[in-house]
Number of protein chains: 2
Amino acid sequence: MTSREIFEQIKKKQSFLCVGLDSDVNKIPRFLYDTTDPVFAFNKEIIDATHDLTVAYKPNLAFYESMGVSGWNTLEKTVNYIRYNYPDIFIIADAKRGDIGNTSNLYAKAFFDAMDFDAVTVAPYMGEDSVKPFLTYVGKYVILLALTSNKGASDFQYVKENDERLFEKVINTSKDWGTEENMMYVVGATRAEMLQDIRKIAPKHFLLVPGVGAQGGSLAEVARNGMNEQCGLLVNSSRGIIFAGDGEDFAQKARAAATEVQQEMASLLKEGSLL
Amino acid sequence: MTSREIFEQIKKKQSFLCVGLDSDVNKIPRFLYDTTDPVFAFNKEIIDATHDLTVAYKPNLAFYESMGVSGWNTLEKTVNYIRYNYPDIFIIADAKRGDIGNTSNLYAKAFFDAMDFDAVTVAPYMGEDSVKPFLTYVGKYVILLALTSNKGASDFQYVKENDERLFEKVINTSKDWGTEENMMYVVGATRAEMLQDIRKIAPKHFLLVPGVGAQGGSLAEVARNGMNEQCGLLVNSSRGIIFAGDGEDFAQKARAAATEVQQEMASLLKEGSLL
């Protein structure tokens, strides 16, 4: 998928929402436990109820991996379900992988060949050869962790050498490994003011922004500091949408929560003269 | 497993070898393709042929994950096989995970509860809350990436603030999150001289050392710079051992390669007055 195609979806849906399918089996409605694959049943209903409001889905792999073999089955079925029914939607494997070259190459095959993800999140610590194998797939993206939204982000991501903080160095160094057509960056919404600094070094890249909602970030702040001429933002919400309800109407509740976010996004897109 | 128990194994086997089960399905002997689970058949023979020469096995998860659901089955069977037949051996999930707290918690469950690994490699970029969930399991270890052995290690790991390089800051900051009984560090053999600097800040921790063999590091240099009074080293070799042969005698060839390393390790343990 090209960045242009993502932007077309954003305009069409008046939304730059990414729904995080952090589908914790312990948090899904109990009545789904009667189905053969409760997490898939949950995902399917959430997807059907929100697909026209979101441009991306992002399963975090931990929630699937922690269920072992059956979790991988659920993940594959979920990706296939989205691809078959809603082929325009961008699908992100939130995997935070990163290993030496020949090993990253296998992860790239796992996510881009064996499964049909459009993007994978990758941790930058091991440097260029841990990232490059993902960049050889046309139309697929690495989403490199730059500035994350969690408390521990401040432990190492702000280490400063010659006035350049580590998260800035990660972007500055890595942006030449690929292009805006195969790289994006994770930038947490809890540091929305940092988006201005990041836009100075990566004006055109799409940014995946977690931390709005449950983690306290402000959508309007993110948009005002980070939006570019192609929007350039995918703002993720997970728990706030998928666990908006826990009864038989959980999917309707999820739709209502997603609609609320989408409507704020439509306003912000208009404010940025993109609609 | 306590660090004392690991050291007892090291003395008994006169070895501080970790065999990396990077069992790439494309590199295992062809005749195994006739079995129902070729990678498991390969691992089983390698394990039976080397268990008395090695104190640890380390499957790199990419090799299993890239085979999807069947790969997870193979991984589970491999861990169970080692645990049942050779219960004293330390088993490391080379996963390089690391995510926000509630998600790391799920990874910890996946590796320590659902599967019976003794340790998991974790990437430090996201800081404390991405590491702590792994530290709540008694007798289990986080092995945090500090200085890796790949070329890309120099991209970010040497970023220096106030005379402290990032890999040193990772160790200095994280060593208070746990103890020597639940944390180890990855330090690549290709930078053996750095082991002296690392021993100044982490004198007692075990270090997992990749990069000997195929990646060019020297075992003797590693031992002379990094050994402590409990040995404190697990030196990994993957391809150099498991792919030493590719015929029907591959397991014997692997044993021969492991024996060669073990014998050098026995000499180095004697040189360090640990035997």
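The numbers here are math on the coordinates, done by the rules we state, and not lab data. Bear in mind the structure is a predicted one, so any value in this text is a computation, not a measurement. Positions of Cβ are backbone-derived with ideal geometry, glycine not excepted, and every protein chain shown enters the neighbour counts.
Details
- Interchain or long-range residues, amide H under 5 Å from A:Thr148's placed H: A:Gly188
- Taking only Cα atoms of the stretch B:91-223, radius of gyration then Dmax in Å: 14.3, 43
- Label-reachable residues, the stretch A:227-243, where backbone N falls under 13 Å from a point 7 Å from A:Thr2's Cα toward its Cβ: none
- Full-stretch length increase - A:Ser70, A:Lys12 - with 0.36 nm per residue and alpha-carbon distance subtracted: 17.3 nm
- Dividing the Cα radius of gyration of the stretch A:185-275 by 2.2 N^0.38 Å, with N the residue count, gives 1.13.
- Mean-position separation - Cα centroids, the stretch A:77-123 and the stretch A:224-263, in angstrom: 22
- Contact order normalised by residue count of chain A, Cα under 8 Å, 6+ apart, percent: 22
- GNM top mover of B:Val142, B:Val170, B:Val209 - chain B, alpha-carbon springs below 10 Å: B:Val170
- Net charge of neighbours whose Cβ lies under 13 Å from the Cβ of A:Leu106, counting Lys and Arg as +1 and Asp and Glu as -1: -2
- For the stretch A:166-172, the Karplus equation 6.51 cos²θ - 1.76 cosθ + 1.60, evaluated at θ = phi - 60°, returns couplings of 3, 5, 6, 5, 4, 6, 4 Hz by residue, with Gly and Pro reported as x.
- GNM remark for chain A: springs join alpha carbons under 10 Å apart, and the peak mean-square fluctuation among A:Asn162, A:Asn85, A:Asn73 falls on A:Asn162.
- Listed pairs B:Lys58/B:Lys270; A:Lys77/A:Lys270; B:Lys132/B:Lys270; A:Lys44/A:Lys200; A:Lys204/B:Lys27 exceeding 32 Å between Cα atoms: A:Lys77/A:Lys270; B:Lys132/B:Lys270; A:Lys44/A:Lys200; A:Lys204/B:Lys27
- Label zone at A:Tyr86 (point 7 Å along Cα-to-Cβ), backbone N below 17 Å, the stretch A:100-142: A:116-119
- Anisotropy class of the protein assembly as shown from Cα gyration tensor, a/c 1.5 cut: prolate
- Which of B:His51, A:His205 has the fewest Cβ neighbours within 10 Å, and the rest in rising order: B:His51, A:His205
- Leading residue at positive end of dipole, the stretch B:3-269 (Cβ point charges), from B:Val25, B:Tyr57, B:Ser15: B:Ser15
- Over all pairs of different C-alpha atoms, chain A has a mean inverse distance whose reciprocal, the Kirkwood radius, equals 18.7 Å.
- Tensor-based shape of the stretch A:20-120 (alpha-carbon gyration tensor, a/c under 1.5 rounded, otherwise prolate or oblate): oblate
- Across B:Pro124, B:Pro133, B:Pro87, mean-square fluctuation computed from a Gaussian network of chain B (C-alpha pairs under 10 Å connected) peaks at B:Pro87.
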